[in-house]
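Student: There's a structure below that I have some questions on.
Derivation of every value follows stated rules applied to the coordinates shown; laboratory data play no part. Keep in mind the model is a prediction, meaning the values are calculated, not measured. Note that we place each Cβ from the backbone using ideal geometry, even for glycine, and neighbour counts take in every protein chain shown.
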Amino acid sequence: MISVCMTRIPTGLRVALQKSSGIFRGSLHVSQFSRVVKRIKSLNLGVWSGLALLKCHPLHRIILPVSCDTFQSSSDAVSPVKSSRDPYTWSRGDLFVLIWPEFFSLACAVLGALSAAAMNILIPIYLGEFVEAIALWSNRDGISSGALPTLKLFVAYVVQSVATFSYISVLASVGERIAFKLRNDLLKTIIHNEVAYFDTHNSGKLIDSLTADVQTFKSAFKQCISIGLRSTTQILGSFFSLLSISPMLTGTLLSSLPCMFLIGSLMGTELRRLSQKAQSQHSTASSIAEESFTHIRSVKALSMEELQLERYRDETEKARALNEQLGYGIGMFQGLSNLTLNGVVLGVLYVGGHLIYRDELRSGQLMAFLVTTQTIQRSMAQLSLLFSQLLRGSTALNRIFGVLHDSSRTELLPQRTHSSISNKLYEQWSQPGHAPDLHFDAVRFAYPTRPEAVVLDELNLSIPAGNVVALVGQSGAGKSTVVSLIERFYNPSSGRITLGSHDLRDFSLSSLRGQLVGYIIQEPQIFNTSIRENIRLGKPDATDQQVEEAARLANAHDFIVNQLPKGYETRVGQGSDSVAGLSGGQRQRIAIARVILKNSPFLILDEATSALDAESEAQVQGALKTVMKGRTVLVIAHRLSTVRGADWIIVMSQGKVAEEGTHQALMAKRGVYYNLVQRQEGADILS
C-alpha cells in the first residue's frame, strides 16, 4: 500500500523520503522527520513546499503521526530563503485578477474601439460608392444619386469621431486606476516583506518596478486596446471587405503574408530577449544612482563622486548599447514590413488596372480596394510599432508580478494571541513596575543570505523585568542580531524568545513593534513631514497636546519652538520645502519623543548616544533617563563608558554569552569585559 502511494508523490520528494532510513518502519520520529526536511532542502524544494506536499498528500497520515502544526511551532521560525529562480512570467490569471474590477469600463472601451474600427472598414466602401456617383454627375439624375453616399460618409465620420473620443477617454481613466492599484499593491507587498527580503533584493530595481515598470505596463495596456484591438479588427474586417470587392486582388495582397510572418517569427524572439536585457540593465544603472543619493554623505566623505559616475557611466553605456541593438532590430522589422506592404500596393494597382480594362472591376471598386488596402497597411504598421511597446509592457508586467508573488513575510505563524489579549498585556506592562522580562532560550540563528555562518549558537540570555541591561562585545559578537530577533526582523532558526513568558511569535508584528517594543537607533530616520507628524509616528492617534508633552519629556520642546522657523509645523527631512537637516542630538530627541509617546514597556537603545558631542549627549542622556523609568531596557553599547550605570552587563563573544555581571564584578573578574575596557579606555580605568 505504501509503495503504491509513494508513486503518487513528486519524484524529488519521493527520493528524499525513500533515502531517509527507517521512515516507513513504524511512526516517523522527530529526528527522522528532520532528516526528511534536510533532504527536501537539499533538493531546493524548500522546507515549506516540502511540508505542503507531505501534508497535502494522502500518505501524510502514515508518515506524519503528529500534526504538522506541532513541527510548525518550532521550525517555522526559519526565515524563508528565496532560491534563485527563473524570472517570473505573468499568466492570464494574473492579468484577469488585475483587470476584472474594471470589466465594465473596459467593455465600454472595447465597444468604442470596435465601433471606430467598424467605421474605418465601412468608410472605404462608402468612398467607392461616392466616386462612382461622381462619375454620373454629368446629368441631373447623377447629381441626385450622390446624396446617399455623401450622407453615409458623413454619418460614418461622425460615429468614428464619437467612438474614438469615447474609448480613448475611458481607457485613460482605466489605465490610471490600474496603475494606482499596482503601485499601491507593490508598495504594500514590498514594505511588508521581512528584512531578509531586502538583503537579497536590489532597492533600485524595486523602485523601478514601482515607477518605470508600472508606467510602461500602463502605456502598453492602453495601446493594446486603442491600437492593438482596433487595428486587428480593421485588418480582419478589411480583409473580408477586400474579398467581397475582388478575390483576385485579394490574392495578390495575401501573397505578402508568408514573407511578413517569416520576418516576425525570425526577429520576434531576439527582440524580446534584447528588451528584457535592456530593462534589466536600466535597473542596474538606476540602483547605482539610488545608492549614491542614499549614501551621499559617504560618497562625499570618501571623494567617490568620480568613481560613482564611472560606475554609472559604464552601466548606462551597456544599457545604451542594448537599446541601440533593440532600435536597430525594430527598425529593420518595420522597414522590411513597410517594403513588403508597399510592394503589395504596387501589385494591386497593376492587377486592378488590367481588371478595369477587361470590365471585371469598376473604378469605384478599385478606389475602395486601394483605400481598404491602405487601412490594412496603416493598421499593420501600427501593430508593428505596437510590437516593441508590448514587448516592454510584457517584460514590465513580469517584473511587477515577480515582486508581487515573491513576497517573504516574517509573520509565518498565525496570531495565537488575540488582539484584545495583546492590548491587555500592553496596558498591564505599561504600568510602572509591571514591565516584562525577556529571555533567549537556546536560540540559534544564521542569516538567510549566509545560512552556513552561525551568528548565535544556542544563546541563553535573560533580561529581568524593570532592569537596565547592557549588551557588549566586539564587532561581530551578535549584539545587533539579538536586536533584530527581538524586533522580529528575522526569526530564530531554533530556540525560543519570550517576552513576559509569551513567545514573541505569539504577538502580531503590529502589536510587537507598534506597542510592546520601543527601538531607538544610533541614527534615527527623520521623515519628510512636519516635526509634529514625525513625533506622532510613535502613536498615530495621539493628540497635539500628547505630542508636545512627549517632546517636553524628551528635552526637544525648547529647540522645536525656539530654533525652528515654524515650530512643530516645520517640515524636515528631504524635500524642496524642508529646512536644513537637524543635528544628531536633535534627531535623537525627536526619536526619544516618539518612544515616549508610544509608551512601550520594553526599550532597545542601540548605541543611542555614540555619535553625539558632549553637550548633545548630556541632553539626550537626560531624555533617556526619563524614558527608561519603569521599563525593561536593553542597551547595545560599543562605548563601554556608557554602560557603567547599567543594572547588569552581558558580554557576548562568538554568538554566546561569555560572561555577565555588574561593572564592578566584571572588572574584578579580569575576563573578557576587563580586556575590552582596557583596550578601549586605557589601562588606567579601574573601578
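Student: Rank by packing, highest mean first: peptides 282-293, 266-277, with packing defined as the count of other Cβ atoms within 10 Å averaged across residues.
Tutor: Put in order of decreasing packing, that is 282-293, 266-277.
Student: Just how far, in whole angstrom, is segment 187-204 from segment 205-264 if you go by their alpha carbon centroids?
Tutor: After rounding, the separation between the Cα centres reads 38 Å.
Student: For segment 183-237, what is the largest minus smallest coordinate of the Cα atoms on each principal axis, given in angstrom and ordered from greatest to least?
Tutor: That works out to 55, 17, 14 Å along the principal axes.
Student: Give me the one-decimal nm value for the distance between modelled label points at F154 and I521, 7 Å along each residue's Cα-to-Cβ direction.
Tutor: Each label point is offset 7 Å from its Cα along the Cβ direction, giving 7.2 nm.
Student: Next question. Evaluate the relative contact order of segment 434-681 (contact order divided by residue number), counting alpha-carbon pairs under 8 angstrom at least 6 apart; express in whole percent.
Tutor: 27
Student: Which length gain, in nm to one decimal place, applies between E305 and Q374 when the Cα-Cα distance is subtracted from 0.36 nm times their residue separation?
Tutor: 19.4 nm
Student: Further question on the same structure: Quick one: of K181/K318; K424/K629; K188/K218; K218/K598; K188/K598; K188/K539, which pairs are farther than 30 Å apart, Cα to Cα?
Tutor: Exceeds cut-off: K181/K318; K218/K598.
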